[in-house]
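Everything below concerns the one structure shown next.
The values are calculated or read from the model by the stated rules, or taken from the named source; none is laboratory data. Because the structure is predicted, anything quoted here is derived from the model rather than measured. Virtual Cβ from ideal backbone geometry, glycine too; neighbours counted across all protein chains shown.
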Amino acid sequence: MEITQQCVVALTWTLKDTLGEELDVLDEPVEFLVGGDDLLPRIEEALQGHGPGATLALHLEPEDAFGDFNDQLLFLEPRTLFPAEIEEGMTFEGSALPVECNPAAPRAGLLYTVAEIYPEHIVLDGNHPLAGIALRLQLRVHGVREATEEEIGRGSAGTGFFRVHAQAPGNDLLH
């Protein structure tokens, strides 16, 4: 079966920046819905027409991946608004930010990473961790199947690896 819209693909990959630094590795095949919210549009385009066993090498500019870095999404907030055990790299959902935080900080749909900690302030960064970075992606297709009605209805095969979720400190991978 060839990859088309509304099918599920099982992929492995290695994601690097343009300097060759490894950013993410997916060793075991994971299923993604093509035509849903699981993959970036540029990846879906490249997969079209391929089948199991195919390997692809993609170069993604920031506009095809996670966008350009936006310095308007950096916010300096009072250190006292956050827990004492806060660490650089921790993430907070925008909707969970203390109400006393800067009202200009978008609350819906963003995750904020603690970028820096100072004695009196912290810096919150609402950019995707890979914003502004050109990426190189080596993909391998391990399987293709028809999507179920449930997967199509929710727009996902259950894995949105290209979405960043709140995570524990030290876990710097996408998934």
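Taken across segment 23-38, residues that are crowded, with 16+ Cβ neighbours inside 10 Å, in the same structural domain as Arg145 (by TED's automatic domain parsing) and in contact with a Cys (Cβ under 7 Å, 6 or more places away or on another chain) do occur, with at least one present.
Residue check: Val99 meets all listed conditions (1) touching a residue at least 12 places away in the same chain (Cβ under 8 Å); (2) not assigned by TED's automatic domain parsing to the domain that holds Leu11 but one, namely (1). Among the criteria (1) surrounded by fewer than 16 Cβ atoms within 10 Å (Cβ to Cβ); (2) touching a Ser or Thr at 6+ places or on another chain (Cβ under 9 Å); (3) of a type in the set (A, V, I, L, M, F, W, C), the one Ala104 does not fulfil is (2). Listed by first and then second residue, the pairs linking a residue in segment 123-138 that is on the phi < 0 side of the Ramachandran plot to a residue that is of a type in the set (Lys, Arg), with Cβ atoms under 6 Å apart and 6 or more places separating them unless they lie on different chains, are Arg136/Lys16. Residues in segment 1-40 that are closer than 17 Å to Gly132 by Cα and not in a strand (DSSP E or B) were compared, and the one that is nearest to the chain's Cα centre (by Cα) is Leu40. Being of a type in the set (Ser, Thr, Tyr) and in contact with a Phe, Trp or Tyr (Cβ under 8 Å, 6 or more places away or on another chain) is the requirement here; does Thr14 meet it? Judged against the criteria, Thr14 is not a match.
The single condition from (1) outside any loop (DSSP other than H, G, I, E, B); (2) of a type in the set (D, E, K, R); (3) in contact with a Pro (Cβ under 9 Å, 6 or more places away or on another chain); (4) at pLDDT below 95 that Arg140 fails is (4).
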